[in-house]
Amino acid sequence: MSLLIYAESAEGKFKKVAFELASYAKKVADSLGTTVTAVTINAGSTAELANYGVDKVLKVNNDSLSKFNAKAYADVVKQAAEKEGSKVIVLSSTTDSLYLAPLVASHLNAGYASNVVALPVSTSPFQVKRTAFSNKAFNITEISTDVKVLALAKNSFGLVETSSSLSEEDFNPSLNDADFSVKVENVEKVTGKVTIADAEIVVSAGRGLKGPENWGMIEELASVLGAATACSKPVSDIGWRPHSEHVGQTGKPVAANLYIAVGISGAIQHIAGINSSKVKVVINTDPEAPFFKVADYGVVGDAFEVVPKLIEKLKAFKAANA
């Protein structure tokens, strides 16, 4: 009766979130006196999962699953859970898994807790701590169903290395036409830079930059920090930046270790979507901008003066510590 996780991958390589999920699952499994099984889909080598406590891998290789399809992937996870007799299934809170988790729960008649931020408060009864009200509060949720599905909030647990002896098994779930009733025609992928989903640091900018031609300094700051670039909703709406960079409650949620907002006033929807970030830094000319009320650090100043100086200082620091 193993605890099951879905270890996400892209182009054959595991995402960082897969290792965070494994780290979390290992601790939960230990408290339940069981092991951790990971189901993977079209992933390459699974050996690295052993560094984070995974005991067994159900390896699915299927060309029809080359593009993420929530219905089909949910059926794969459901069948893996049934095969292993799993009573606890742990998924991530990536964009894909936010679609996936409710379907998995429905298939398994399971209770579902999203935005889980810590190890279970209790395993009998089974209770978990979650964020609520757009990350403004926490609650304790009790799941009383036999099977339980948890979605771990990004960057809420971190990576914990725990070596295990990994076994691998080819798994061929039975899929049918109904699983592919929703067709995925195209998937847009960001190449050549850090993606928002995987970023530890995000540099975001808004209309305070005055035009798309000024985004060079944002991209340079992101490059120096090894960060992803992002933007506010108005910026993507008027076409200055692609919609894939829009973050906030109505865009992509961000739970980075460091979130830097440049020239963003801080609409409530934007703040709600990035509020899970650990450290928030704001650069704005308006000292009354709402973002300053939630920021850990704030700089009242002109972005066109502050950002270049920040880049200069960071480059000097990196050079001195190379």
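The values are calculated or read from the model by the stated rules, or taken from the named source; none is laboratory data. Note that the structure is predicted; figures quoted are calculated from it, not measured. Ideal geometry is used to build each Cβ from the backbone, glycine not excepted, and the neighbour counts take in all protein chains shown.
Assorted remarks:
- Of all the residues in the range 82-104, those that are in a helix (DSSP H, G or I) and under 22 Å from the mean Cα position of the chain (by Cα) number 10.
- Qualifying residue in the range 73-86 (condition: modelled with pLDDT under 95, out of contact with any Asp or Glu (no Cβ under 6 Å at 6 or more places or on another chain) and either within 30 Å of residue 273 (Cβ to Cβ) or of a type outside the set (Asp, Glu) (or both)): no
- The single condition among (1) without any contact (Cβ under 8 Å) to a residue 60 or more places away in the chain; (2) within 22 Å of residue 256 (Cβ to Cβ) that residue 145 does not satisfy is (2).
- Pick from the range 118-166, criterion exposed (fewer than 12 other Cβ atoms within 10 Å of the Cβ) and in contact with an Asp or Glu (Cβ under 9 Å, 6 or more places away or on another chain), ranking: nearest to residue 8 (Cα to Cα): 158
- Residue list for the range 221-234, restricted to those being assigned to a helix (DSSP H, G or I), out of contact with any Leu (no Cβ under 8 Å at 6 or more places or on another chain) and crowded, with 16+ Cβ neighbours inside 10 Å: 222, 233
- Only residues that are assigned to a strand (DSSP E or B) and small (Gly, Ala, Ser) were counted across the range 255-281, and they come to 1.
- Qualifying residue in the range 246-254 (condition: buried (at least 22 other Cβ atoms within 10 Å of the Cβ) and outside any loop (DSSP other than H, G, I, E, B)): yes
- From the list 135, 115, 109, the one residue that fits, being modelled with pLDDT under 90, outside the structural domain of residue 251 (by TED's automatic domain parsing) and not β-branched (Val, Ile, Thr), is 135.
- The criterion of being in contact with a His (Cβ under 8 Å, 6 or more places away or on another chain) and either surrounded by 18 or more Cβ atoms within 10 Å (Cβ to Cβ) or closer than 25 Å to residue 182 by Cβ (or both) does not hold for residue 105.
- Among residues of the range 86-108, those that are more than 20 Å from residue 26 (Cα to Cα) and either of a type in the set (D, E, K, R) or touching a helix residue (DSSP H, G or I) at 6+ places or on another chain (Cβ under 7 Å) (or both), counted: 7
- Breaking point among (1) crowded, with 18+ Cβ neighbours inside 10 Å; (2) more than 25 Å from the chain's Cα centre (by Cα), for residue 315: (1)
- Among the residues of the range 21-60, those that are of a type outside the set (Gly, Ala, Ser), closer than 24 Å to residue 257 by Cβ, touching a strand residue (DSSP E or B) at 6+ places or on another chain (Cβ under 7 Å) and part of a helix (DSSP H, G or I) comprise 21, 24, 26, 28, 48, 49.
- Residue 133 aromatic (Phe, Trp, Tyr) and under 24 Å from residue 252 (Cβ atoms): yes
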